[in-house]
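Peer 1: Here's a structure for you.
The values are calculated or read from the model by the stated rules, or taken from the named source; none is laboratory data. Keep in mind the model is a prediction, meaning the values are calculated, not measured. Because the Cβ atoms are built from the backbone with ideal geometry, glycine has one as well, and the counts that use them run over all protein chains shown.
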Amino acid sequence: MIRAGGIDLGGTKIEAQKFDAQWNEADRRRTETPNSYSALVAAVTDQVRWLQMDNPGLPVGIAAAGLANPGNGTWIAANLSANGMPFVLDVAKATGGQQTWLNDCRAFTQAEAVFGAGQSKGTMVGLVLGTGIAGGISIDGSLINDGEGQSGEFGHMPIAGAIIAEHNLPILKCGCGRLGCYETYGSGPGMERLAKHLTGRELTSHEIANGRTDTEISRIWEVWCDVNAALILTIVTTVDPRTIVLGGGLSQIPGLVGDLERALGRVAWSDLPLPSIRLGTRGETAAALGAAYAAYHV
């Protein structure tokens, strides 16, 4: 029995996954993400039809990079050719049915809250560290506001002035158009900007992660951890999660959890509890699983 289908839609791939009655992955199908809008709608439509081919009426959730504009229904995304287009409506028209759409980082959060490292009562935060920074907030296994709105756009909160002052960092313009977002220094590209500013060296995030025995690179890493610890502290003083689950490519850097916990300990209030920081456990299935789960429970 197939319970629901999920689609992980990103800038490079569209992966459809079928989940059985125990929410285990039963099958998957992957295609490349097209560059044109019409081809993108057609490719997503084809994946929905594949999921429902032997399962008419199967609930389908789509985890996509970006956000829906609640005012006019258009999609907001930097790395998809759907930016500013009525993406959700056009896919529904093409498939002849409705799908459940979630931002991909919130879908990750949903999966980890129900099936992964974030399973617990109370508030849990998913934090995805990669090319950008985003996530989601779950209470007792449910995304707040059903995953709608702007909650979870952690990378676009203003970076703490203390971090800017302590490390003499320039305030940079973010890809969102605003100045001084956490994403400008706490993301993968942000780590590379820190390297250039602090050492004058052109280093990739991969080189930094693997070169921390070098004194200069160790300093870059320390400042990057300080930036993300300040972000985590902002999240803690806002929603006080019991658990923060990390995802994204940067979460796989060895030693990250311990280094973040130490950096957080340096800036947090003493004698007050801090959340447990854990790595996500659902791997590549997380976004599609979270979207499928959301679709099943609509």
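Peer 1: Hey, could you check region 142-155 for residues that are polar (S, T, N, Q) and outside any loop (DSSP other than H, G, I, E, B) and say which is surrounded by the most Cβ atoms within 10 Å (Cβ to Cβ)?
Peer 2: Across region 142-155, the extreme among qualifying residues is Ser142.
Peer 1: Could you list all residues from region 31-42 that are in contact with a Pro (Cβ under 8 Å, 6 or more places away or on another chain) and within 15 Å of Asn79 (Cα to Cα)?
Peer 2: Leu40
Peer 1: Sticking with this one: Of everything in region 267-283, what is closer than 30 Å to Gly57 by Cα, in contact (Cβ under 8 Å) with a residue 40 or more places away in the chain and surrounded by fewer than 17 Cβ atoms within 10 Å (Cβ to Cβ)? Give them in sequence order.
Peer 2: Residue satisfying the conditions is Thr281 alone.
Peer 1: Right, something else. Quick one: would you say Leu246 is hydrophobic (A, V, I, L, M, F, W, C), part of a loop (DSSP other than H, G, I, E, B) and surrounded by 14 or more Cβ atoms within 10 Å (Cβ to Cβ)?
Peer 2: No, not satisfied.
Peer 1: Here is a further query. Condition first: under 14 Å from Glu222 (Cβ atoms) and either of a type in the set (Asp, Glu) or crowded, with 22+ Cβ neighbours inside 10 Å (or both). Now tell me which residues in region 191-206 satisfy that.
Peer 2: Once the filter is applied, which keeps residues that are under 14 Å from Glu222 (Cβ atoms) and either of a type in the set (Asp, Glu) or crowded, with 22+ Cβ neighbours inside 10 Å (or both), region 191-206 yields Met191, Leu194, Ala195.
Peer 1: Look at Asp20 and say whether it is touching an Asp or Glu at 6+ places or on another chain (Cβ under 9 Å) and modelled with pLDDT of 95 or more.
Peer 2: Here the answer is no, as Asp20 does not meet what is asked.
Peer 1: A follow-up question, please. Every residue in region 43-60 that is outside any loop (DSSP other than H, G, I, E, B) and either without any contact (Cβ under 8 Å) to a residue 12 or more places away in the chain or out of contact with any Pro (no Cβ under 9 Å at 6 or more places or on another chain) (or both), please.
Peer 2: Residues satisfying the conditions are Val44, Thr45, Asp46, Gln47, Val48, Arg49, Trp50, Leu51, Gln52, Val60.
Peer 1: Here is a follow-up. Within region 263-298, take every residue that is of a type in the set (Lys, Arg) and under 13 Å from Ala113 (Cβ atoms) and give me the one that is modelled with the highest pLDDT.
Peer 2: Arg278
Peer 1: So which residues in region 187-216 are assigned to a loop (DSSP other than H, G, I, E, B) and either out of contact with any Ser or Thr (no Cβ under 8 Å at 6 or more places or on another chain) or not assigned by TED's automatic domain parsing to the domain that holds Leu260 (or both)?
Peer 2: Answer for region 187-216, where residues must be assigned to a loop (DSSP other than H, G, I, E, B) and either out of contact with any Ser or Thr (no Cβ under 8 Å at 6 or more places or on another chain) or not assigned by TED's automatic domain parsing to the domain that holds Leu260 (or both): Gly200, Arg201, Glu202, Leu203, Thr204, Gly211, Thr213, Asp214.
Peer 1: Then there is this: Quick one: how many residues across region 27-50 are under 24 Å from the mean Cα position of the chain (by Cα) and surrounded by 13 or more Cβ atoms within 10 Å (Cβ to Cβ)?
Peer 2: So the count comes out to 14.
Peer 1: If the requirement is being closer than 17 Å to Pro275 by Cβ and either of a type in the set (Ser, Thr, Tyr) or surrounded by fewer than 20 Cβ atoms within 10 Å (Cβ to Cβ) (or both), which of these qualifies: Ile139, Ile164, Ile171?
Peer 2: Result: Ile139 is the single residue among Ile139, Ile164, Ile171 that is closer than 17 Å to Pro275 by Cβ and either of a type in the set (Ser, Thr, Tyr) or surrounded by fewer than 20 Cβ atoms within 10 Å (Cβ to Cβ) (or both).
Peer 1: Among the residues of region 53-85, write down those that are at pLDDT 95 or above, surrounded by 13 or more Cβ atoms within 10 Å (Cβ to Cβ) and under 30 Å from Met1 (Cβ atoms).
Peer 2: Passing the criteria: Leu58, Pro59, Val60, Gly61, Ile62, Ala63, Ala64.
Peer 1: Next question, about the same structure. Please work out which one of (1) farther than 17 Å from His167 by Cβ; (2) under 18 Å from the mean Cα position of the chain (by Cα); (3) part of a helix (DSSP H, G or I) is the condition Asn228 fails and give its number.
Peer 2: That leaves (1) as the condition not met.
Peer 1: Does Pro34 qualify as being in contact with a helix residue (DSSP H, G or I) (Cβ under 6 Å, 6 or more places away or on another chain) and outside any strand (DSSP E or B)?
Peer 2: So Pro34 fits the description; yes.
Peer 1: Select, from Ala4, Ala63, the only residue that is more than 21 Å from the chain's Cα centre (by Cα), in contact (Cβ under 8 Å) with a residue 60 or more places away in the chain and not in a loop (DSSP other than H, G, I, E, B).
Peer 2: Ala4
Peer 1: Also, quick follow-up: Does region 278-290 contain at least one residue that is in contact with a strand residue (DSSP E or B) (Cβ under 6 Å, 6 or more places away or on another chain) and among the charged types (D, E, K, R)?
Peer 2: Taking every residue of region 278-290 in turn, at least one turns out to be in contact with a strand residue (DSSP E or B) (Cβ under 6 Å, 6 or more places away or on another chain) and among the charged types (D, E, K, R).
Peer 1: Moving on to the next point. Given (1) within 20 Å of Ala230 (Cα to Cα); (2) under 12 Å from the mean Cα position of the chain (by Cα); (3) of a type in the set (Asp, Glu), where does Glu166 come up short, assuming only one miss?
Peer 2: In the conditions (1) within 20 Å of Ala230 (Cα to Cα); (2) under 12 Å from the mean Cα position of the chain (by Cα); (3) of a type in the set (Asp, Glu), Glu166 misses (2) alone.
Peer 1: May I pose another question? What tally of residues in region 67-96 results from selecting those that are closer than 24 Å to Phe19 by Cα and touching a residue at least 24 places away in the same chain (Cβ under 8 Å)?
Peer 2: Total meeting the criteria: 3.
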